[in-house]
């Protein structure tokens, strides 16, 4: 009887061990860098308001960089927008009850040991309509911020590849949104906005096995069409990605 119990116990251990091994071999990688909550900054006067939500990051290095981004946007808003309000504009703002406004929200993204933050920035300075644009930041497991070029092997023609992928993705989405054919003028705007340059392709993040490129309103199409988020599967870029990104 004792021998039988030992055999049963060994079988159970073997089954559990096999299940654990399969889990380690085939489970989806989970990022070790996960969002830890939110921080909030708000400020308001009769002429302007600021409302910013930003993440509590998983490391001090990432947190410092995120706070730099927030500080940069506050400084830019106060110097380039609020700082230009003269007496006439102040009177208009008070009369209409529409103060200048800066709102920033964020979305976290993760891929294996990489974490990315997408900052959606809304800016209203009294024009015909508000404007919106992006800031993005991607970090490796050590908390080092990565530029787009850091994802690719040295010398790889990554800008040309990404430009072509972005152009194809935007034109397809543009046709879907407008319900018609993309005209030559529209295509020219897309081509210019997805040019193979660091400036045109500067907003990116990694998420669930894809490289996402973001294009704010006006960059690739009319304001009314909105922004674009073009996902490029990383397995389509295997030949030019660094090994740690694949």
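Structural remarks
- Against the criterion of being assigned by TED's automatic domain parsing to the domain that holds residue 197, surrounded by 14 or more Cβ atoms within 10 Å (Cβ to Cβ) and on the phi < 0 side of the Ramachandran plot, residue 59 does not qualify.
- Residue 141 fulfils the conditions (1) surrounded by 15 or more Cβ atoms within 10 Å (Cβ to Cβ); (2) more than 18 Å from the chain's Cα centre (by Cα); (3) assigned to a loop (DSSP other than H, G, I, E, B); (4) in the same structural domain as residue 86 (by TED's automatic domain parsing) except for a single criterion, (2).
- The lone criterion from (1) within 18 Å of residue 238 (Cβ to Cβ); (2) in contact with a helix residue (DSSP H, G or I) (Cβ under 9 Å, 6 or more places away or on another chain); (3) surrounded by fewer than 18 Cβ atoms within 10 Å (Cβ to Cβ) left unmet by residue 157 is number (2).
- Hey, residue 214 part of a strand (DSSP E or B), touching a residue at least 12 places away in the same chain (Cβ under 8 Å), touching a strand residue (DSSP E or B) at 6+ places or on another chain (Cβ under 9 Å) and surrounded by 13 or more Cβ atoms within 10 Å (Cβ to Cβ) or not: yes
- Within segment 119-138, being under 30 Å from residue 91 (Cα atoms) and part of a strand (DSSP E or B) holds for 120, 121, 122, 123, 124, 131, 132, 133.
- Flag if residue 199 is surrounded by fewer than 19 Cβ atoms within 10 Å (Cβ to Cβ) and either within 28 Å of residue 61 (Cα to Cα) or out of contact with any helix residue (DSSP H, G or I) (no Cβ under 8 Å at 6 or more places or on another chain) (or both): yes
- If you check 224, 231 for being out of contact with any helix residue (DSSP H, G or I) (no Cβ under 6 Å at 6 or more places or on another chain) and assigned to a helix (DSSP H, G or I), only one passes: 224.
- Scanning segment 144-178 for residues that are within 19 Å of the chain's Cα centre (by Cα) and under 15 Å from residue 227 (Cβ atoms) gives 166, 169, 170, 173.
- Taking first residues from segment 123-148 that are over 17 Å from residue 200 (Cα atoms) and partners that are part of a loop (DSSP other than H, G, I, E, B) and modelled with pLDDT under 95, the Cβ contacts under 6 Å between residues at least 6 apart in sequence or on separate chains come to 124/130; 141/113; 143/59.
- Checking each residue in segment 202-221 for being touching a helix residue (DSSP H, G or I) at 6+ places or on another chain (Cβ under 8 Å) and at positive phi picks out only 209.
- Residues being out of contact with any strand residue (DSSP E or B) (no Cβ under 6 Å at 6 or more places or on another chain) and either part of a helix (DSSP H, G or I) or free of Cβ contacts under 8 Å to residues at least 60 places away in the same chain (or both) - total across segment 152-172: 12
- Enumeration of residues in segment 97-115 that are more than 11 Å from residue 138 (Cα to Cα) and either without any contact (Cβ under 8 Å) to a residue 24 or more places away in the chain or assigned to a strand (DSSP E or B) (or both): 97, 100, 101, 102, 103, 104, 105, 106, 107
The values are calculated or read from the model by the stated rules, or taken from the named source; none is laboratory data. This one's a predicted model, so the numbers in the text were calculated from it and none came from an experiment. All Cβ positions, glycine included, derive from the backbone under ideal geometry; neighbour counts span all protein chains shown.
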